[in-house]
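Everything on this sheet refers to the single structure shown next.
The values are calculated or read from the model by the stated rules, or taken from the named source; none is laboratory data. Just so you know, these numbers come straight off a predicted model, no measurement behind them. Note: ideal-geometry Cβ built from the backbone for every residue, glycine included; neighbour counts use all protein chains shown. These area figures cover heavy atoms from the full protein model, side chains too; ligands, DNA and RNA do not enter into them. Shrake-Rupley method; radii C 1.70, N 1.55, O 1.52, S 1.80 Å.
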Number of protein chains: 2
Amino acid sequence: MGDDTGVETARAAELNDQSSSGDNRKEVDIYPLSCYYFGSKEAIVFKDETLSDRVKRMKSNFAAYGLRTSVEAVILVELFKHPHILLLQVRNSIFKLPGGRLRPGESDIDGLRRKLSRKLSASDAGDEAEWEVGECLGMWWRHDFETLLYPYLPPNVKKPKECAKLFLVRLPESRKFIVPQNLKLLAVPLCQVHENQKTYGPVISGVPQLLSKFSINIVDT
Amino acid sequence: MGDDTGVETARAAELNDQSSSGDNRKEVDIYPLSCYYFGSKEAIVFKDETLSDRVKRMKSNFAAYGLRTSVEAVILVELFKHPHILLLQVRNSIFKLPGGRLRPGESDIDGLRRKLSRKLSASDAGDEAEWEVGECLGMWWRHDFETLLYPYLPPNVKKPKECAKLFLVRLPESRKFIVPQNLKLLAVPLCQVHENQKTYGPVISGVPQLLSKFSINIVDT
């Protein structure tokens, strides 16, 4: 217990200090992975088979609708007493945050709920409102069709092609995840994601930093 | 003007969407570097001459006071229409955010104001209250005396040795910066800092991400 008390005191001091200094840092409650049920449903159709298809589709969509806005969810669970982030794996290689592109005129929250239901719920569930979309954690910009995403918009980039916004989505104490057969849902420890750009790309590998201002409470159930 | 209008619309859409979706993203007004006056004052004494001195001092302080908490300021100015971050350079090599260690019992805000006045104001200015300390942007943990900082605290780390908290500090439209002779104050573009861990270390190189959720307004003066 001696050691445990040490860190609890440190974390508690943290919390006290937050409330007294009145800034807007917040807590996030996370629940064990075992609180959730995981099932599968029919595969979804991927729109792009190759990178050049993707660029072609982005270009025609940009011509028709302008800036592409995508919304992505940061969803946490607990495993081995460490926060894990839920990632979708496509074709055994690419990792993605659950989310996707907004329809023209759709709000961030409505769009993210729709995407989460499509990728993580039974298709006829109609549970979109059940996704608790919280704070925007960060925004990444694609300066041109074939460039990476950056967390800023330089002055010479007058017409960015995509804006990807990350939102914290808090889970309830239990729920079902129903995932298309051709996607894998994984829980990856924050410590594995941190600075691991090679595997997870610049956006996901920066998520631990974006979360660092939150106090993450592991709830014992 | 054609191109300019494009990006203004993109940025404005961004802003509208924020207010309608009701999340807590915020704006930051930044002013041109030319709005500020820079002067120098007497050198300050550096406590650690070598890395091993530093580790020795951290150990004795930990034994006496427990967890070391340091507070650091993210301060922005505009140059060439791009946000620049103010960094202090020590001995022509190490880059640091302005800030430092809290005294036992001192609040984050009081401590950061004291440190900012010591390193960036005339020593007899008594202008500590003039520093507008805003949101906590992130927290980094030193798991042991000789390890780097990480943006999370794994379950096996029961007694972290240091917690470094980053705060956004908004500048007024003009002010004087009076910097000790043995420190250099630099304005570095966000795009140069981003992912440039080799030069700036893990904490500073991640600042552009932490700022990405804010709308940065360049104010014409």
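One table, with the values for the structure above:
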| quantity | calculated |
| --- | --- |
| Any hit, segment B:127-136, residues being of a type outside the set (A, V, I, L, M), open to solvent by less than 60 Å² (accessible area, probe 1.4 Å), under 26 Å from A:His84 (Cα atoms) and not in a loop (DSSP other than H, G, I, E, B) | yes |
| Unique residue being within 30 Å of A:Leu153 (Cβ to Cβ) and of a type in the set (Asp, Glu) when the list is A:Glu78, A:Glu72, A:Glu128 | A:Glu72 |
| Restricting segment A:110-155 to residues that are more than 12 Å from chain B (Cβ to nearest Cβ), in contact (Cβ under 8 Å) with a residue 40 or more places away in the chain and aliphatic (A, V, I, L, M), the residue that is farthest from A:Lys96 (Cα to Cα) | A:Ala125 |
| Flag for B:Ala10 being surrounded by 15 or more Cβ atoms within 10 Å (Cβ to Cβ) and modelled with pLDDT under 90 | yes |
| Among (1) open to solvent by 20 Å² or more (accessible area, probe 1.4 Å); (2) part of a strand (DSSP E or B); (3) within 13 Å of chain A (Cβ to nearest Cβ); (4) not acidic (Asp, Glu) - the single one B:Val169 does not satisfy | (1) |
| The one condition in (1) within 10 Å of chain B (Cβ to nearest Cβ); (2) open to solvent by 20 Å² or more (accessible area, probe 1.4 Å); (3) among the basic types (Lys, Arg); (4) touching a residue at least 60 places away in the same chain (Cβ under 8 Å) that A:Lys158 fails to fulfil | (4) |
| Test: B:Lys158 is modelled with pLDDT under 95 and among the charged types (D, E, K, R) | yes |
| Residue match in segment B:78-89 (condition: touching a His at 6+ places or on another chain (Cβ under 8 Å) and in contact (Cβ under 8 Å) with a residue 40 or more places away in the chain) | yes |
| Condition check for B:Leu148: in contact with a Ser or Thr (Cβ under 9 Å, 6 or more places away or on another chain) and under 29 Å from A:Pro83 (Cβ atoms) | no |
| Residues (under 20 Å from the mean Cα position of the chain (by Cα), more than 10 Å from chain B (Cβ to nearest Cβ) and either open to solvent by 40 Å² or more (accessible area, probe 1.4 Å) or not aliphatic (A, V, I, L, M) (or both)) located in segment A:61-77 | A:Arg68, A:Ser70, A:Glu72 |
| Condition met for B:Val193 (touching a residue at least 12 places away in the same chain (Cβ under 8 Å), surrounded by 15 or more Cβ atoms within 10 Å (Cβ to Cβ) and over 15 Å from the mean Cα position of the chain (by Cα)) | no |
| Selection status of B:Arg103, part of a helix (DSSP H, G or I), closer than 23 Å to B:Asn61 by Cβ, charged (D, E, K, R) and touching a helix residue (DSSP H, G or I) at 6+ places or on another chain (Cβ under 7 Å) | no |
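Table: residues versus (1) within 12 Å of chain A (Cβ to nearest Cβ); (2) within 24 Å of A:Cys191 (Cβ to Cβ); (3) part of a helix (DSSP H, G or I).
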| site | (1), (2), (3) |
| --- | --- |
| B:Cys163 | yes, yes, no |
| B:Phe177 | no, no, no |
| B:Val188 | no, no, no |
| B:Glu195 | yes, yes, no |
| B:Gln209 | yes, yes, yes |
